[in-house]
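A.B. asks: There's a structure below that I have some questions on.
Bear in mind these aren't lab numbers, they're just calculated from the coordinates by the rules spelled out. All of these numbers come straight from a predicted model, not from anything done at the bench. No Cβ is skipped: glycine too gets one built from the backbone with ideal geometry, and neighbour counts run over all protein chains shown.
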Ligand SMILES: [Zn+2]
């Protein structure tokens, strides 16, 4: 017992000696200490910045009034730079700004959420990938129900062109307010559904009050009559029958 204690004491005093030595060395060599600091800062720059960001944010949240004054002063002192930056940004981001402004005005009218409208302005390559992903999901949904799942991007493109990039049912154009979704004419949950195949897929408007949002899993005939009346439904169903015949021919080649 005593031995351990005395060895602890020796170790403690050795540690103290060491600490005193280091403290003294640091006092005697301020230049070295500064250089070491600098080296550390460079080495751990990203870590230090991340830590500072967090602590700055916390300080801002804790003392909003203090920072309000500071910010106001900064903005006043840098007015010219800020205006120049804004002008440069506006000049290089023209398309985004126009799209955003248009989307915002429509949003204010209560037509559609901004995010979706802005997404419509996105580049065609991204839109293609997005459509591809949706199509894959739609095929997966068919496979889950053990239904055929052969609808391809090429067939989808043919479909959209055939119908003039408009909704099969009501004629709404693909654009700002509605976008065209790929609709299963006979819904996947119906026992007679042929699956995610070209002769069951149609471009249908999706958006506020859109046909796709209204139809969902309804029986197509019942839904058409309820939405468009018997006469118009007959015409629509006849046009769809012609299209499905064309598509089936394409499929058999
Ligand atoms: Zn429609």
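A.B. asks: At what distance in nm do the modelled label points of residue 92 and residue 45 sit from each other, each positioned 7 Å from its Cα along Cα→Cβ?
C.D. replies: The two pseudo-label positions are separated by 2.1 nm.
A.B. asks: Kindly put 159, 201, 36 in sequence by how many other C-beta atoms sit within 10 Å of each C-beta, fewest to most. Could the numbers behind the result be given before it?
C.D. replies: Values: 159 19, 201 22, 36 12.
Ascending number of Cβ neighbours within 10 Å: 36, 159, 201.
A.B. asks: Restricting things to alpha carbons, find the Rg to Rh ratio for the chain using the Kirkwood radius for Rh. Each step should come with its number before you reach the end.
C.D. replies: Numbers: Rg = 33.6 Å, Rh = 25.3 Å.
On the Cα set of the chain, Rg over Rh gives 1.33.
A.B. asks: Another question about this same structure. Specify the inter-centroid distance of region 36-83 and region 198-218, based on alpha-carbon positions, in whole Å.
C.D. replies: Taking the Cα centre of region 198-218 as reference, the centre of region 36-83 is 51 Å away.
A.B. asks: Say R0 is 25 Å: what FRET efficiency, to the nearest 0.05, do residue 208 and residue 246 get from their beta-carbon distance? Walk me through the intermediate numbers first.
C.D. replies: Working: r = 31 Å, r/R0 = 1.26.
Result of the calculation: an efficiency of 0.20.
A.B. asks: I would also like to ask the following. By how many degrees, between 0 and 90 and to the nearest 10, does the Cα long axis of helix 2-28 differ from the longest principal axis of the chain?
C.D. replies: 90 degrees
A.B. asks: Follow-up question, since we're still on this one. What ranking do 156, 26 get, fewest neighbouring Cβ atoms within 10 angstrom at the top?
C.D. replies: On the way: 156 20, 26 12.
Final ranking by Cβ density, sparse to dense: 26, 156.
A.B. asks: Where does helix 124-144 land angle-wise versus the long Cα axis of the chain, in degrees 0 to 90, nearest 10?
C.D. replies: 70 degrees
A.B. asks: So if R0 is 51 Å, what FRET efficiency would residue 31 and residue 84 give, r being the distance between their Cβ atoms, rounded to the nearest 0.05? Don't skip to the end; give the middle numbers.
C.D. replies: Details: r = 41 Å, r/R0 = 0.80.
It comes to 0.80.
A.B. asks: Of all alpha-carbon pairs in region 123-252, indicate the percentage at a distance above 20 angstrom.
C.D. replies: Looking at region 123-252, the distances longer than 20 Å represent 43 percent of pairs.
A.B. asks: Which FRET efficiency value, to the nearest 0.05, is calculated for residue 216 and residue 239 with the Förster distance at 25 angstrom and r the Cβ-Cβ distance? Each step should come with its number before you reach the end.
C.D. replies: On the way: r = 22 Å, r/R0 = 0.86.
So the FRET efficiency works out to roughly 0.70.
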